[in-house]
Amino acid sequence: MTNQEISHLLRTIAASYAIKDEKKHYFQIIAYQKAADAIEKTTTEAKDLYKEDKLATLPGVGPSIQAHLSELFRTGKVKHFETVLKEVPPAVFPLLDIPSFGPKKAFKLVSVFKFTNPKTVIDDLAKIAESGKIADLEGFGEKSQADILRAVQEYRLGKTKSGRMVLPYANELAEKMLTYLRKSKYVKDAYAMGSLRRRRDTIGDVDLAVTSGKLDEVIKHFVAYPYKDRVIEKGPQTSSIIISGGKQIDIMVLKPELAGSLLQHFTGSKAHNIKLRELALKKGWSLSEKGIKQTYQGKKVMKTYDTEEKFYKALSMDWIPPEIREDTGEIERALKHDLPPLIELKDIKGDFHLHSNFPIEPSHDLGADTIKTMVDTAKQRGYSYMGFSEHNPSTGNHTAQQIYTLTQKRNNEIEKVQKSNKSIRIFKLLETDIQPSGDLAIDEKALSLLDAAIVSIHSVFSMPKEQMTKRIIKGLSRPKAKILAHPTGRIINERSGYEVDWEELFAFAKSHKKALEINAWPTRLDLPDEIVRKAVEKGVLLIIDTDSHTASQMDLMQYGVSVARRGWATKANIVNSWPLDTFTSWLLNRE
Ligand code: DGT
Ligand code: CA
Ligand code: CA
Ligand code: ZN
């Protein structure tokens, strides 16, 4: 069972409790939802943790749910879950996957219209809604009938509750909306908040914060957004809309003097905020988006903060970078004034996973821009070094000698461009396949033409963990192989990565000074942040690359830097933030 399936199951249990008796089961509902969130977010498979007897290390999952999960992995089912689920009509469950459908609403519709077949319930519901019968139900009406129809249509178009956006897409939505908001004379400042500001790899909905002296005018302007599909909620200082395309945008507006607490609250994460709130509670304080309520000379007063720094300072802490606000130790470190100096975009001195359009006849994709164009772009970015790493010439269509000759031709082109560009050092690499046997796709003679090789897996992804780990380590053992590209092979919203024994790979990479890549390509972001964090703790070297296939894609570097920051990486960890001489001696060193 994958993490996603487990998380779905836990949400189903929470929903069943809510249907049975929401008040009575309040704490169970929260516990199951929290566990579902945690498991969905983590990049370690819960099943692996179970096998290693480490389920207890899953944050956010309490002992009783851990025991249920153990039973699930041991026997394939959980007696307790079956008891809970038995009390809810099966036709309710498919409805829970439709956006905007809560357990209560699903249960009511199923009970009233006597839906019994889980396979047809969504079609049955659509028919009832079209016939106008839902509008007559108490507590529903014409509008909610139309909403239900729309939600079903969107669901059929593939929009599910778990449909999360990749970061640049959410970024673009937010930027458009921010530009629109700033057109209002009532908007003082406008910011992207939530997971977007924390730079998570995927984004559920876009959250925006605005400061203004006239809250109602800003809300009015917000809901008048020309590309909106519909308004979900409109209050005095908050509102939510769905824009065309089905994505949700939430806004919160407060006076400028409250900016500090507003940004802090709305950036989250939820877990980070809950931990802060617990700390504050110990002093008898309470936190909100409007400030900190404290007892002062016997009276409750609301202290306000116009910057986040002041807000955190009031809690005796240093300001915490948004990327690490996940309650994974950052609060304790901020209290000790001991947060690490996270890597920044401006620290990056070069990009190494670059595909030019040089006709090297690879079996995978070629880039679209010339070596020269990409060098010009790297110089504009202020880089001191860079590396070309086209895919190796395909082994199926070429002899070893042909591969050698093609590589040599590509090198000649690089050398030609290097001659007229002295301000940047250009390295000759190739992105070389690690074959299923662990051998590299090109032989020692072709490798000798390179400064170093980036090695990666592009075929036969499903292998048992031990075998895959051996394969990778064998490929990476070759002296020229210095970088392992996109180490998990995951494609966000498409496929999860292959199975790797990280402990073993980290130990090997560390002792042989091989770098694991943080691939900045938005649907890869691979290594994922949680694994970066572990690599950083173990002292493994990392490199941030864009995997660009055009010159303009070198702009994607920012997304890789976000992942590195979310993994608590500093300059010491990231080899391509090192000065040219240090970097060069690492790259050319053979161990
Ligand atoms: P997402 O949208 O799933 O990618 O994740 P977020 O983190 O953007 O979550 P979202 O949109 O539900 O809420 C945005 C922020 O608002 C969240 O990170 C913290 C704050 N917030 C929302 N709900 C709660 C809550 O129940 N308690 C606290 N303390 N903060 C909350
Ligand atoms: Ca959000
Ligand atoms: Ca939200
Ligand atoms: Zn590549």
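A short reminder: the numbers here are calculations on the coordinates, not readings from a lab. Every value quoted in this text rests on a predicted model; they were computed, and no experiment measured them. Note that we place each Cβ from the backbone using ideal geometry, even for glycine, and neighbour counts take in every protein chain shown.
Couple of notes before you dig in:
- Binning the alpha carbon pair distances of region 275-335 at 10 angstrom intervals from zero yields the distribution 21, 55, 21, 3, expressed in whole percent.
- Size descriptors for the chain: radius of gyration and Dmax over Cα atoms are 26.8, 86 Å.
- Antiparallel DSSP beta bridges within region 165-254, as percent of all bridges there, nearest 5: 75 percent
- Unit charges at the beta carbon, dipole of region 224-379: most positive-side option, Ile324, Trp285, Ala314: Trp285
- Top positive-direction residue, dipole computed over region 3-156 with Cβ charges, set Val61, Phe27, Leu109: Phe27
- Check: region 345-588 dipole with +1 on Lys, Arg Cβ and -1 on Asp, Glu Cβ, in debye: 700 debye
- Take the Cα of Ser437, go 7 Å toward its beta carbon, and the backbone nitrogen atoms of region 400-417 under 20 Å from that spot belong to 400-404.
- Sorted into 10 angstrom bins from 0, the C-alpha pair distances of region 322-402 split as 15, 28, 20, 19, 14, 5, 0 percent.
- Stokes-Einstein, applied to the Kirkwood radius of region 165-254 over Cα pairs at a viscosity of 0.692 mPa s and 37 °C, places its translational diffusion at 256 µm² s⁻¹.
- Kirkwood-Stokes translational diffusion coefficient of region 410-475, alpha-carbon pairs, 4 °C, 1.567 mPa s, µm²/s: 95 µm²/s
- Extension gain from Asn357 to Ile232, taking 0.36 nm per residue of separation minus the Cα-Cα distance: 40.2 nm
- Segment Leu279-Asn493, extension gain: residue separation times 0.36 nm, minus the distance between their alpha carbons: 73.4 nm
- If you wrap region 345-588 in the convex hull of its Cα atoms and look at it from every side, the mean projected area works out to 11.6 nm².
- Taking the helices alone, the chain has a mean residue ellipticity at 222 nm of -13000 deg cm²/dmol, built from -39,500 (n - 2.57) per DSSP H run of at least 4 residues and averaged over all its residues.
- Considering only beta bridges that DSSP places wholly inside the chain, some 50 percent are antiparallel.
- Applying 1/(1 + (r/R0)^6) with r as the Cβ-Cβ distance of Ser511 and Gln294 and R0 = 41 angstrom yields a FRET efficiency of 0.20.
- Entry for region 459-591 at q = 0.14, 0.15, 0.18, 0.19 Å⁻¹: log10 I(q)/I(0) = -0.60, -0.70, -1.02, -1.14, Debye formula applied to identical alpha-carbon scatterers, no solvent contribution.
- DSSP-loop trypsin sites (Lys or Arg not before Pro) across region 153-234, with at most 12 other Cβ within 10 angstrom: Lys183, Lys185
- Out-of-range pairs (alpha-carbon distance over 30 Å; input Lys119/Lys270; Lys24/Lys77; Lys47/Lys480; Lys270/Lys514; Lys54/Lys275): Lys119/Lys270; Lys47/Lys480; Lys270/Lys514
- For the peptides 86-95, 568-577, the ranking by packing is 568-577, 86-95, with the highest mean count of neighbouring Cβ atoms within 10 Å listed first.
- With semi-axes defined as the square roots of five times the eigenvalues of the C-alpha gyration tensor, the equivalent ellipsoid of region 538-591 measures 21, 16, 9 Å, largest first.
- Sparse-neighbour loop sites [GluC sites (Glu not before Pro); region 35-67; at most 12 other C-beta within 10 Å; DSSP]: Glu52
- Dipole magnitude for region 3-156: computed about the Cα centre from +1 point charges on Lys and Arg Cβ and -1 point charges on Asp and Glu Cβ, it is near 280 debye.
- Whole-Hz couplings from phi, Karplus 6.51/-1.76/1.60, listed for region 485-501; x for Gly and Pro: 7, 4, x, 9, x, 6, 10, 4, 6, 10, 8, 7, x, 6, 8, 9, 7
- Segment Lys409-Glu217, length gained on full extension (0.36 nm per residue, minus Cα span): 62.8 nm
- Under 13 Å from Lys290, Cα to Cα: aspartates and glutamates that are on another chain or at least 8 residues apart: Glu257, Asp306, Glu308
- Whole-number Å³ per residue for the convex hull built on Cα positions in region 206-272: 78 Å³
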